[in-house]
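*Asks:* Sharing a structure, written as structure tokens. Questions coming.
The values are calculated or read from the model by the stated rules, or taken from the named source; none is laboratory data. No experiment lies behind these values; they were computed from the predicted model shown. Neighbour counts run over all protein chains shown; Cβ positions are idealised from the backbone, glycine included.
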Amino acid sequence: MRRPLSVAAVLVILMFCALPLVLLAGARINITNSFPPGIYWVVDKVPERGDLVMFCPPLRDVFDLAYERGYLQSGTCPGGYMRMLKRLVGVPGDEVLILAEGVSVNGQLHPRTQSLRKDPSGRRMPHPRFERFRLAFGDALLLSDYSHHSFDGRYFGAIPMLQIEEVVTPVLVWDREFD
């Protein structure tokens, strides 16, 4: 005799079947600590300063290192990286200063951007080639203002704006107070 499916089992099956459709429609899931984990929605707009953006990391040694150390998980981006979620804080022409006290853009210090010398395992953190630089045409600086443990522009520097795939906004997130 067959047992009827429980309500929970039916919901799980429906979620599993509907997830690809929801992702195609614009839902994005964040499982990292750079911003609150949860569901974000794609916004139809050109990225500008202050936006939360999702991007594929460029193929650089610093991202290989981040992947090897577990700062970055595997995913569907070139190089096998996961897509990353950060805030767009610097655009072409902006002056960036990266110091131990934090990252400032055009003289404005961004919260929770103090550079860590070592990761939780005691390994030296990477740093961009220059402490002070002006963002070139086509470049962007991406940071987390949510977690001071985020692997972001204070460690990998500027990236090409072309890497930014979409602007997102939080829909259903779980705010963690861990920093």
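*Asks:* Tell me the residue from ARG2, ARG69 that is at pLDDT 90 or above and not hydrophobic (A, V, I, L, M, F, W, C), please.
*Replies:* One residue alone meets the criteria, ARG69.
*Asks:* Related question: Go through the range 60-77 and give me each residue that's of a type in the set (Lys, Arg) and either in contact with a Cys (Cβ under 9 Å, 6 or more places away or on another chain) or on the phi > 0 side of the Ramachandran plot (or both).
*Replies:* Filtering the range 60-77 down to residues of a type in the set (Lys, Arg) leaves 60, 69.
Correct list: empty.
*Asks:* Right, next: I'd like the full set of residues that are hydrophobic (A, V, I, L, M, F, W, C) and surrounded by fewer than 16 Cβ atoms within 10 Å (Cβ to Cβ), limited to the range 24-39.
*Replies:* Looking only at the range 24-39, we keep the residues that are hydrophobic (A, V, I, L, M, F, W, C), and these are 24-25, 27, 29, 31, 35, 39.
Across the range 24-39, the qualifying residues are LEU24, ALA25, ILE29, ILE31, ILE39.
*Asks:* Of the residues that make up the range 51-63, is at least one in a loop (DSSP other than H, G, I, E, B) and more than 18 Å from ALA140 (Cβ to Cβ)?
*Replies:* The answer is no, given that none of the residues of the range 51-63 is in a loop (DSSP other than H, G, I, E, B) and more than 18 Å from ALA140 (Cβ to Cβ).
*Asks:* Also, quick follow-up: Only one of LEU135, LEU85 is closer than 21 Å to THR32 by Cβ and in contact (Cβ under 8 Å) with a residue 24 or more places away in the chain; which? Break it down into steps so the answer makes sense when it comes.
*Replies:* Numbers: LEU135 fails: closer than 21 Å to THR32 by Cβ.
From the options LEU135, LEU85, the qualifying one is LEU85.
*Asks:* So which residues in the range 98-134 are crowded, with 16+ Cβ neighbours inside 10 Å and more than 21 Å from the chain's Cα centre (by Cα), if there are any at all?
*Replies:* PHE133, the sole residue that qualifies.
*Asks:* Does any residue in the range 40-57 that is free of Cβ contacts under 8 Å to residues at least 60 places away in the same chain and exposed (fewer than 15 other Cβ atoms within 10 Å of the Cβ) come within less than 6 Å, Cβ to Cβ, of a residue that is in a loop (DSSP other than H, G, I, E, B) and β-branched (Val, Ile, Thr) six or more places away or on a different chain, and which pairs are these?
*Replies:* ARG49/VAL91
*Asks:* Would you mind telling me which numbered condition in (1) of a type outside the set (D, E, K, R); (2) without any contact (Cβ under 8 Å) to a residue 24 or more places away in the chain; (3) exposed (fewer than 13 other Cβ atoms within 10 Å of the Cβ) GLY93 fails?
*Replies:* Going through the list (1) of a type outside the set (D, E, K, R); (2) without any contact (Cβ under 8 Å) to a residue 24 or more places away in the chain; (3) exposed (fewer than 13 other Cβ atoms within 10 Å of the Cβ), GLY93 breaks only (2).
*Asks:* Scanning the range 141-163 for residues that are in contact with an Asp or Glu (Cβ under 9 Å, 6 or more places away or on another chain) and among the aliphatic types (A, V, I, L, M), which turns out nearest to ARG60 (Cα to Cα)?
*Replies:* ILE159
*Asks:* Name the residues in the range 135-160 that are at pLDDT 95 or above, surrounded by fewer than 19 Cβ atoms within 10 Å (Cβ to Cβ) and out of contact with any helix residue (DSSP H, G or I) (no Cβ under 7 Å at 6 or more places or on another chain), would you?
*Replies:* ALA136, PHE137, PRO160
*Asks:* Say we look at the range 161-179 and pick out the residues that are outside any helix (DSSP H, G or I) and not hydrophobic (A, V, I, L, M, F, W, C); which of these is surrounded by the fewest Cβ atoms within 10 Å (Cβ to Cβ)?
*Replies:* Looking at the filtered set, the residue picked out is GLU177.
*Asks:* Ok, one more. Condition check: out of contact with any helix residue (DSSP H, G or I) (no Cβ under 9 Å at 6 or more places or on another chain) and small (Gly, Ala, Ser). Does SER104 satisfy that?
*Replies:* Judged against the criteria, SER104 is a match.
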